[in-house]
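Student: One structure, pasted below without further comment.
Taken together, the values in this text are just the output of simple stated rules run on the coordinates, not laboratory data. All values derive from a computational prediction rather than experimental measurement. As a convention, Cβ positions derive from the backbone with ideal geometry for all residues, glycine included, and neighbour counts pool all protein chains shown.
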Amino acid sequence: MNTVIFRTAAPLIVATMLVFSLYICLRGHNEPGGGFIGGLIAAAAIAVFGMASGVPAVRRALKVDPLAIAGFGVVLAGASGLLSLFTGSPFMTSIWLYLDLGETTLPLSTPLIFDLGVYCAVFGTISSIALALESDREEDL
């Protein structure tokens, strides 16, 4: 599927999907969503971009190997659990930090860090698989 319409619409579709995936990831520890589904949506966006532009263009746009992103996500998710050990709490106990920013308060937490780690792990893994499958398909053509 390499039509002019698809190649033209793909950047808008990909941008919309990536913004939506971040929204889903960041609202995940308070409402339905989270790192897993956010990462899947982002990986689907990369797959759409790969179908429209080809694997070399996607790899140039990412600038980092997707498996490196997945590895970073696993380390980040694990580190979020280890932070609770510094407070004498059991592994994966939530820690909350409230930052006062003028008239508003920004809550930061280890579940948010865990969600971001899962997001990166899922995004990197599924993107790597999708790019490998797409590059195999391009070789067959």
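Student: Nothing charged except the Cβ atoms of Lys and Arg (+1) and of Asp and Glu (-1): what's the magnitude of the dipole of the chain about its Cα centre? Round to the nearest 20 debye.
Tutor: Values: 6 positive and 10 negative charges, 31 e Å.
For this selection, approximately 140 debye.
Student: Grab every C-alpha pair in the chain, bin the distances at 10 angstrom width from 0 up to the longest one, and report whole percents.
Tutor: Cα pair-distance distribution for the chain, in percent: 12, 34, 29, 16, 7, 1.
Student: For the ranges 47-53, 16-22, what's the packing order if you count other beta-carbon atoms within 10 Å of each residue, average per peptide, and put the highest first?
Tutor: Packing order, densest peptide first, comes out as 47-53, 16-22.
Student: Please list, in order along region 50-59, the HN-Hα scalar couplings obtained from phi with the Karplus expression 6.51 cos²θ - 1.76 cosθ + 1.60 (θ = phi - 60°), rounded to whole Hz, x for Gly and Pro.
Tutor: My calculation for region 50-59 gives x, 5, 7, 10, x, 5, x, 5, 5, 5 Hz in order.
Student: I'm a student and want to see the number: the projected area of the Cα convex hull of region 2-77, averaged over all directions, in nm². Before the final figure, lay out the partial values.
Tutor: On the way: hull surface 21.3 nm².
Over every viewing direction, the Cα hull of region 2-77 projects on average to 5.3 nm².
Student: Related question: Do the sum for the chain: with -39,500 (n - 2.57) for every DSSP H run of n ≥ 4, divided by all residues, what is the mean residue ellipticity at 222 nm, to the nearest 500 deg cm²/dmol? Intermediate values should be presented prior to the final figure.
Tutor: Working: 5 runs with 98 residues, N = 141.
-24000 deg cm²/dmol, from helical runs alone.
Student: Are there chymotrypsin sites (Phe, Trp or Tyr not before Pro) in region 65-141 that DSSP puts in a loop and that have at most 13 other Cβ atoms within 10 Å, and which ones? Write out the running numbers ahead of the final one.
Tutor: Working: sites: Phe72, Phe86, Phe91, Trp96, Tyr98, Phe114, Tyr119, Phe123; in loops: Phe91.
In loop regions of region 65-141 (DSSP not H, G, I, E or B), the sparsely surrounded chymotrypsin sites (Phe, Trp or Tyr not before Pro) are Phe91.
Student: Same structure, new question: Provide, for q = 0.12, 0.27, 0.28 Å⁻¹, the log10 of I(q)/I(0) from a solvent-free Debye sum over equal Cα point scatterers in region 63-124.
Tutor: -0.37, -0.97, -1.00
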